[in-house]
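All remarks here apply to the structure that follows.
The values are calculated or read from the model by the stated rules, or taken from the named source; none is laboratory data. What you are looking at is a predicted structure, and each value in this text was computed from that prediction instead of being measured. Neighbour counts are summed over all protein chains in view; Cβ atoms, including those assigned to glycine, are modelled from backbone coordinates with ideal geometry. Accessible surface is based on the protein model in full, side chains and every heavy atom, while ligands, DNA and RNA are left aside. Shrake-Rupley method; radii C 1.70, N 1.55, O 1.52, S 1.80 Å.
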Amino acid sequence: MTEQATIESGAMAGRRRRQLSFAFVRLGLVFSSGWMALTGLIGELEVFLIAALAFGGFAFVTLFKNRLPLALINTCWLTTTNVAIFLGACVVHADGHVDIMLIPMVGFPFAVFSIYRDKLLIAATEALPIVLWGTWFFWRDSWSPVIDEVTATQFYAPMAALTAFSIIVYPVFFFAVVSARQSMEIKRARSDAEQSSRAKTALLSGISHEMRTPLNAVIGLADLLRDDAQRNGDARQVDYANRIMEAGATLLATVDKTVHFADIATRRAVVTLAPVRLSEVVDKVAASYQGEAKREGVTLQVDDISGTVLADRTLCENALGQLVENGVRYCGAGGTVSIRVSNVRPGYHRIVVADNGPGFGAVDPELAFAPFERLGHATGTTFGAGMGLALARIKAEAMSGSAGIDFDIPSGAQVWIELPAAFDEVTS
């Protein structure tokens with residue numbers, strides 16, 4: 001995520017938290033005014049003043065909402081409300097159950113404060129109703145409430161229960177509305193991202209197709225220059241021509257991978273699934289990379305391979321080849337790359353490519369499989385376009401499989417593709 005995206009995400013979270021806070025403030029204004037009306041009608045001055053304290057807190061933050069920081073606003077109305085409920089429980093008989101309103105107040109701090117910036121405020125305002133309720137509970141026998149038991153039972157108990165119930169239900173309803181709105185925003189963002197990804201993939205495919213012709217021309221002309229230099233005995237020009245041809249061939253291979261990736265990503269490539277013996281695929285891939293492994297000083301090992309998968313043979317070989325190529329390329333001289341098959345879950349075969357190289361470290365798995373992402377190798381001497389793992393995953397998914405990385409190993413790297421077992425193997 002870019003810095004700008006992070007700032008925008010934080011600003012959006014702040015706006016939603018502000019909306020939520022003042023939704024609670026509006027609820028508080030309604031119920032505190034209701035309490036004032038009730039106590040005013042029955043002539044209970046003490047409770048009227050307590051209700052006025054809560055109302056005053058809500059009115060104050062409403063009046064100064066554009067002048068005060070949100071954290072201070074939330075602290076103000078949470079404090080005055082908790083104190084008002086506590087005082088109400090002290091002056092009303094215990095059968096009035098005013099104290100039950102302190103219980104849902106414990107959850108408010110988590111909703112209205114930022115868990116990243118306001119941890120101390122969350123702890124303090126969460127502890128406040130608990131401490132007040134404990135104080136009331138353990139000391140209530142020593143206090144003499146001014147509201148008698150009959151009045152508390154007839155008027156205050158129903159009002160307290162209704163208020164506590166509303167304190168719980170209103171946030172639930174509000175969160176349901178917010179969740180629905182966020183779900184729609186997420187769907188819209190996902191749709192936009194998919195459309196953008198398709199557009200980028202199509203552009204990438206078009207550019208890559210257009211690059212093939214001039215690259216082939218460069219390689220062809222370099223070949224002619226080399227032949228001409230060989231006839232003239234110009235060893236330096238032969239060396240230069242060979243380097244041009246090698247660089248051109250490497251770049252052309254990257255272009256071909258990009259085109260192939262775009263074709264599979266846009267589902268233009270034909271995928272034909274049929275039973276494929278894993279031993280044949282692994283042996284062919286291992287044989288094709290033995291030469292490169294020797295040049296890199298890497299030992300390529302193949303364990304006993306068994307099992308049959310339902311796959312496209314070409315895609316399966318290519319996907320496994322990408323993993324082996326990555327292992328050989330980044331393992332380092334003197335390292336070992338091994339290929340084995342394991343059965344982690346029923347009905348699937350997992351082809352694991354492991355090496356004892358530097359590994360991935362604490363890399364995000366999604367980042368490791370991102371196209372053109374070379375992680376920490378972008379400034380190194382090892383060549384690569386960052387397409388290997390991305391190609392392996394998208395090819396595995398095209399065959400109804402998956403790809404992943406095991407991070408629970410002490411050292412090295414362990415990457416795998418998992419494909420469905422052939423039907424006759426599963427049923428046998």
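The 1.4 Å probe gives accessible areas that order HIS97, HIS349, largest first, as HIS97, HIS349.
Per-residue SASA remark: MET159, around 40 Å² accessible (1.4 Å probe; ligands, DNA and RNA not included). By a 1.4 Å probe calculation restricted to protein chains, LEU221 has an accessible surface near 110 Å², given to the nearest 10.
Once backbone amide H atoms are built at 1.01 Å from N, LEU300 has VAL337 as its partners under 5 Å, excluding neighbours fewer than 5 places away on the same chain.
Surface calculation, 1.4 Å probe, protein heavy atoms: PHE60 sits at approximately 90 Å² accessible. Ordering of 317-325, 16-24 by packing is 317-325, 16-24, highest average first (other Cβ atoms within 10 Å, averaged per residue). Net length available on complete extension from ALA37 to ARG212 is 54.9 nm, with 0.36 nm assigned per residue and the Cα-Cα distance removed.
Computed with a 1.4 Å probe over protein heavy atoms only, the accessible surface of the stretch 87-162 comes to 55 Å² per residue.
Computed over protein heavy atoms with a 1.4 angstrom probe, the accessible surface ordering of TYR156, TYR289, largest first, is TYR289, TYR156. A simple packing score, the average count of other Cβ atoms within 10 Å per residue, orders the peptides 26-35, 225-234 as 26-35, 225-234, with the highest score first.
FRET efficiency for the VAL146 to SER183 pair, using the beta carbon distance and R₀ = 51 Å, is estimated at 0.55. Ordered by 1.4 Å accessible area with all protein chains kept, TRP143, TRP416 run largest first as TRP143, TRP416.
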